[in-house]
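The values are calculated or read from the model by the stated rules, or taken from the named source; none is laboratory data. Just so it is clear, the model here is predicted, and its values are computed rather than measured. All Cβ positions, even for glycine, are placed from backbone atoms using ideal geometry, and neighbour counts span all protein chains on display.
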Ligand code: DC
């Protein structure tokens, strides 16, 4: 189902931003991608920009704990996020680095790196340059980056349920994945907060299809 722009009521396409935030493995990226497809608009993954920053830091062999060095490295490269309905691509100096962004090495570095305020500002500037309409997922899109977005969602799920989902995806052990998720939740906590006006969805007992249907339904219900 692709919605026509007119079906989104009073929201003009150039103001149409749907934010979907939540902790790791809450299903936000799968949800965001499908909602974007249902609405017929691009999907933007903010995590990909943090991953790109981590990749640049790793490639240059710089200490990711040194915020000045990370920013200097980012300043030496042209990082572009190309949004799409199917999944974003990231280019560094014209090279498509997307396949290198979901490695264990990047996973390990990205979360502490994302705590640097000026790295967050660097990511946020890039996100704000993207012309709406789009669906964006992350940790703090609704609260910190796009407070003006007309549609905001925050997805939650029990750590055990999230661990089961991720372990299934990656063929790993549930208990190990759960311990890693809880540790990552703790590290990401400061930046993972629902916007006060976000629709909060506990997805622990919902399938992906049900979550997508609820998000699309909530958008439809809130049309003028
Ligand atoms: O969504 P993801 O797993 O690709 O995100 C990768 C990391 O980036 C995650 O550990 C936390 C960080 N992140 C963030 O701090 N703020 C965002 N808006 C998105 C991601």
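Computed values, structure above
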| read-out | value |
| --- | --- |
| Filter result (part of a helix (DSSP H, G or I) and more than 7 Å from the ligand (Cβ to nearest atom)) within segment 135-149 | 142, 143, 144, 145 |
| Residue that is surrounded by the most Cβ atoms within 10 Å (Cβ to Cβ) [pool: residues in segment 24-50 that are on the phi > 0 side of the Ramachandran plot and out of contact with any strand residue (DSSP E or B) (no Cβ under 8 Å at 6 or more places or on another chain)] | 25 |
| Subset of segment 186-209 (residues that are farther than 13 Å from residue 21 by Cα and either in contact with a helix residue (DSSP H, G or I) (Cβ under 7 Å, 6 or more places away or on another chain) or surrounded by 12 or more Cβ atoms within 10 Å (Cβ to Cβ) (or both)) | 187, 204, 206, 208 |
| Count - residues of segment 8-23 that are part of a loop (DSSP other than H, G, I, E, B), within 16 Å of the ligand (Cβ to nearest atom) and at pLDDT 90 or above | 1 |
| Some residue of segment 154-166 being more than 11 Å from the ligand (Cβ to nearest atom), part of a loop (DSSP other than H, G, I, E, B), more than 28 Å from residue 179 (Cα to Cα) and out of contact with any helix residue (DSSP H, G or I) (no Cβ under 7 Å at 6 or more places or on another chain) | no |
| Selection count where residues are under 15 Å from residue 116 (Cα atoms) and either modelled with pLDDT under 95 or not in a helix (DSSP H, G or I) (or both), scope segment 54-102 | 5 |
| Residues satisfying the stated conditions in segment 171-185, i.e. surrounded by fewer than 20 Cβ atoms within 10 Å (Cβ to Cβ) and within 19 Å of the chain's Cα centre (by Cα) | 180, 182, 183, 184, 185 |
| Selection status of residue 172, without any contact (Cβ under 8 Å) to a residue 40 or more places away in the chain, more than 12 Å from the ligand (Cβ to nearest atom) and part of a loop (DSSP other than H, G, I, E, B) | yes |
| Subset tally (residues that are within 9 Å of the ligand (Cβ to nearest atom) and touching a residue at least 60 places away in the same chain (Cβ under 8 Å)) for segment 24-52 | 9 |
| Unique match (being more than 22 Å from residue 24 (Cα to Cα), more than 14 Å from the chain's Cα centre (by Cα), in a helix (DSSP H, G or I) and within 14 Å of the ligand (Cβ to nearest atom)) among 125, 108 | 125 |
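Residue by residue, here is whether (1) in contact with a helix residue (DSSP H, G or I) (Cβ under 9 Å, 6 or more places away or on another chain); (2) more than 14 Å from residue 49 (Cα to Cα); (3) surrounded by fewer than 22 Cβ atoms within 10 Å (Cβ to Cβ) holds:
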position	(1), (2), (3)
109	yes, no, yes
126	yes, no, yes
130	no, no, yes
133	yes, yes, yes
138	yes, no, no
141	yes, no, no
